[in-house]
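Below: one structure, written as structure tokens.
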Amino acid sequence: MRHAFLAVLILLSTSLAAPSRAQDAPAPFDGDLQRLAEILGTLHYLRGICGSNEGAKWRNEMQALIDAETPSGDRRARMIAGFNRGYNGFQQTYRTCTPAAAVAIRRYIEEGSKISRDLTARYAN
């Protein structure tokens, strides 16, 4: 399931970059991208404490999404804030990996996969 999420995320990140719209103008999918950024931040933290040995994998996925979307100004700040909100929110709650953290990881991977699939289906060229 994680591989499918990553594949969809990569496809999404390469297909959502629309050079025809202004960089600072909100895109119709910005809310979904912000939620996806928050999920990536959550996964970056939780997978780290649960011993996944993935290092900066989820942070790198976030960077790839930003690089592909190339937001600037407020759009970029909102995406980064979403990632940080996800990371910090769970950092305050979980200090070690627990069964609840493992369930949260699974649910966030599922939600992120769904958002990625939906965005790709709606907006990919």
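Structure notes:
- The residues on offer are 95, 59, 117, and the sole one that is assigned to a helix (DSSP H, G or I), charged (D, E, K, R) and out of contact with any His (no Cβ under 9 Å at 6 or more places or on another chain) is 117.
- Looking only at segment 26-48, residues that are free of Cβ contacts under 8 Å to residues at least 24 places away in the same chain and either part of a loop (DSSP other than H, G, I, E, B) or crowded, with 17+ Cβ neighbours inside 10 Å (or both) come to 1 in all.
- Pairing each residue of segment 93-121 that is touching a residue at least 12 places away in the same chain (Cβ under 8 Å) and at negative phi with any residue that is in a helix (DSSP H, G or I) and aromatic (Phe, Trp, Tyr), provided the two are 6+ apart or on different chains, yields C-beta distances under 8 Å for 94/45; 101/90; 104/90; 109/5; 112/5; 113/5; 116/5.
- Among the criteria (1) touching a Cys at 6+ places or on another chain (Cβ under 8 Å); (2) surrounded by fewer than 16 Cβ atoms within 10 Å (Cβ to Cβ), the one residue 97 does not fulfil is (2).
- Residues in segment 63-92 that are small (Gly, Ala, Ser) and part of a helix (DSSP H, G or I): 64, 68, 73, 77, 81, 82, 86, 89.
- The condition (being surrounded by 13 or more Cβ atoms within 10 Å (Cβ to Cβ) and over 25 Å from residue 26 (Cα atoms)) is satisfied by just one residue among 89, 51: 89.
Laboratory data are not the source of any read-out in this text; all were calculated from the coordinates shown. The structure displayed is predicted, hence computed values, not measured ones. When we count neighbours, we look across all protein chains shown, and the Cβ atoms used for this are built from the backbone with ideal geometry, even at glycine.
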